[in-house]
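To keep things clear, I will list the structure first and then write my remarks on it.
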Amino acid sequence: MRSVVAVLLLIAAVAGCGTAVNPTVSPAGSPTAIPTSAGPRPSSPGVVTIVSPTAGQTLSGPTVHVVLALTGATLVNVTTTAIQPDQGHIHLYVDNNLVSMNYGLTQDIPVTAGIYLLKAEFVAADHAPFNPRVWSPQVLFTVK
């Protein structure tokens, strides 16, 4: 299982699932395509938001329950190169580090005391980003 996760993380890193300069959703799209070995990337009508935790919230405990919302698109459980603009997965980032490639809208993440930056990205079913990238607004929260 760890080797599968490691391979998926490597694929995600190579596909450009890193830190965004402007991690906000841009539904209007950009005329410039991100080139990949599979050709240009499609845009997506999807919009991902973080429902919980909320910006500025202070939490306690060893885990944070993350709740996301996705509109204009559907999550799929299959990884495929036959991508559709309105189907994909969620990548969850904590402090700009990819921590989860998720097929659902909820996740418990382990935490210790500190301040955290959380963001999510809706990606295509091949785990590569859409063009433009579909980022949630960032949420800064604190754990006591």
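Please identify the pairs in which a residue from region 94-105 that is closer than 17 Å to HIS127 by Cβ and of a type outside the set (Ser, Thr, Tyr) has its Cβ atom under 7 Å from the Cβ atom of a residue that is open to solvent by 40 Å² or more (accessible area, probe 1.4 Å) and not in a strand (DSSP E or B), counting only partners at least 6 apart or on another chain.
LEU98/LEU9; MET101/LEU8
Take ILE90 and tell me if it is of a type in the set (A, V, I, L, M), modelled with pLDDT of 55 or more and more than 19 Å from SER136 (Cβ to Cβ).
On the way: of a type in the set (A, V, I, L, M): yes; modelled with pLDDT of 55 or more: yes; more than 19 Å from SER136 (Cβ to Cβ): no.
No: the conditions fail for ILE90.
Can we say LEU118 is open to solvent by less than 50 Å² (accessible area, probe 1.4 Å), within 25 Å of LYS144 (Cβ to Cβ), in a strand (DSSP E or B) and touching a residue at least 60 places away in the same chain (Cβ under 8 Å)? It would help to see each step written out before you state the result.
On the way: open to solvent by less than 50 Å² (accessible area, probe 1.4 Å): yes; within 25 Å of LYS144 (Cβ to Cβ): yes; in a strand (DSSP E or B): yes; touching a residue at least 60 places away in the same chain (Cβ under 8 Å): yes.
Here the answer is yes, as LEU118 does meet what is asked.
Check THR36, THR54, THR49, THR32 and return the single one that is part of a loop (DSSP other than H, G, I, E, B), open to solvent by 30 Å² or more (accessible area, probe 1.4 Å), of a type in the set (Ser, Thr, Tyr) and modelled with pLDDT of 95 or more.
Only one candidate qualifies: THR54.
Tally up the residues in region 61-82 that are open to solvent by less than 40 Å² (accessible area, probe 1.4 Å) and within 15 Å of ARG41 (Cβ to Cβ), please.
Number of matching residues: 1.
For region 42-64, give me each residue that is within 16 Å of the chain's Cα centre (by Cα) and closer than 30 Å to ILE83 by Cβ. Lay out the reasoning, then the answer.
First, pick out the residues of region 42-64 that are within 16 Å of the chain's Cα centre (by Cα): 43-53.
If the condition is that a residue be within 16 Å of the chain's Cα centre (by Cα) and closer than 30 Å to ILE83 by Cβ, then SER43, SER44, PRO45, GLY46, VAL47, VAL48, THR49, ILE50, VAL51, SER52 are the ones that fit.
Look at region 107-124 and say how many of its residues are farther than 24 Å from ILE83 by Cβ and not hydrophobic (A, V, I, L, M, F, W, C).
Within region 107-124, residues that are farther than 24 Å from ILE83 by Cβ and not hydrophobic (A, V, I, L, M, F, W, C) number 5.
Can you list residue pairs whose Cβ atoms sit under 8 Å apart, with the first residue in region 131-144 being touching a residue at least 24 places away in the same chain (Cβ under 8 Å) and of a type in the set (D, E, K, R) and the second being surrounded by fewer than 20 Cβ atoms within 10 Å (Cβ to Cβ) and in a strand (DSSP E or B)? Count only pairs 6 or more apart in sequence or on different chains.
LYS144/THR58; LYS144/LEU59
Any idea which of (1) at positive phi; (2) open to solvent by 20 Å² or more (accessible area, probe 1.4 Å) is the one HIS127 doesn't satisfy?
(2)
Could you give every pair whose Cβ atoms fall below 6 Å, whose first residue belongs to region 31-60 and is under 13 Å from VAL134 (Cβ atoms) and of a type outside the set (A, V, I, L, M), and whose second residue is modelled with pLDDT under 65 and part of a loop (DSSP other than H, G, I, E, B), counting only separations of at least 6 or pairs across chains?
ARG41/ALA33; ARG41/ILE34; SER43/GLY29
Which of the residues spanning region 64-86 are touching a Ser or Thr at 6+ places or on another chain (Cβ under 8 Å) and within 15 Å of PRO129 (Cα to Cα)?
ALA73, PRO85, ASP86
The values are calculated or read from the model by the stated rules, or taken from the named source; none is laboratory data. Owing to the predicted nature of the structure, the values given are computational and were not obtained by experimental measurement. No Cβ is skipped: glycine too gets one built from the backbone with ideal geometry, and neighbour counts run over all protein chains shown. These area figures cover heavy atoms from the full protein model, side chains too; ligands, DNA and RNA do not enter into them. Shrake-Rupley method; radii C 1.70, N 1.55, O 1.52, S 1.80 Å.
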